[in-house]
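The values are calculated or read from the model by the stated rules, or taken from the named source; none is laboratory data. Because the structure is a prediction, the values reported are computed rather than measured. Reconstructed Cβ throughout: ideal geometry from the backbone, glycine too, with neighbour counts over all protein chains shown.
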Amino acid sequence: MKRLLNKSRFIGVLALVIVSALTLSSCNKDELDVQQDYPFEVNVMPVPGDIANGQTVEIRITVQRSGNFNDAKYFIRYFQYDGQGTLQYYNDAPYMPNDLYPLPQTQFRLYYTSQSTVSQSFDIWVSDNFGNEKQVSFEFNSSD
């Protein structure tokens, strides 16, 4: 009888341990939150306010990420709405307005070359593959 009672207790305790383990270890996969989408800021070093026709201005840009996801990709596009000029990444071919170009790194230099004798204005948009986007505006006064 005593042996049967001990066996019943053992089975009861074992059942309680199994139920507790299953309850504590169960995980709802829908609740697992893996963050991939990190907001970012675009920092630009100061640039001159005046530019002459044919002059090139260096624009130093850093994409400052709030988190790090290895598969994050960044892109750039621009649109010039006043004056004429070209914008290019290092020695690459000049960008075409409103076309999207991949950014291979988060710290880089762009070169804007004036092709105009009037004031010039353009916007640069930096975006990521999660739909986040930041806009930076530039204005240059014409100088002779």
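Taking the conditions (1) more than 19 Å from the chain's Cα centre (by Cα); (2) surrounded by 12 or more Cβ atoms within 10 Å (Cβ to Cβ) in turn, P48 satisfies each one other than (2). Among the residues of region 13-28, are any at pLDDT 60 or above, outside any strand (DSSP E or B) and in the same structural domain as Y111 (by TED's automatic domain parsing)? Scanning region 13-28 turns up no residue that is at pLDDT 60 or above, outside any strand (DSSP E or B) and in the same structural domain as Y111 (by TED's automatic domain parsing). Scanning region 45-75 for residues that are part of a strand (DSSP E or B) and farther than 22 Å from S116 by Cβ, we see that the one that is modelled with the lowest pLDDT is R65.
Could you list, in sequence order, all residues of region 76-88 that are assigned to a strand (DSSP E or B) and over 12 Å from V57 (Cα atoms)? Selection gives I76, R77, Y78, F79, Q80, Y81, D82. The test for being within 16 Å of V126 (Cβ to Cβ), surrounded by 12 or more Cβ atoms within 10 Å (Cβ to Cβ), modelled with pLDDT of 60 or more and within 20 Å of the chain's Cα centre (by Cα) holds for P39.
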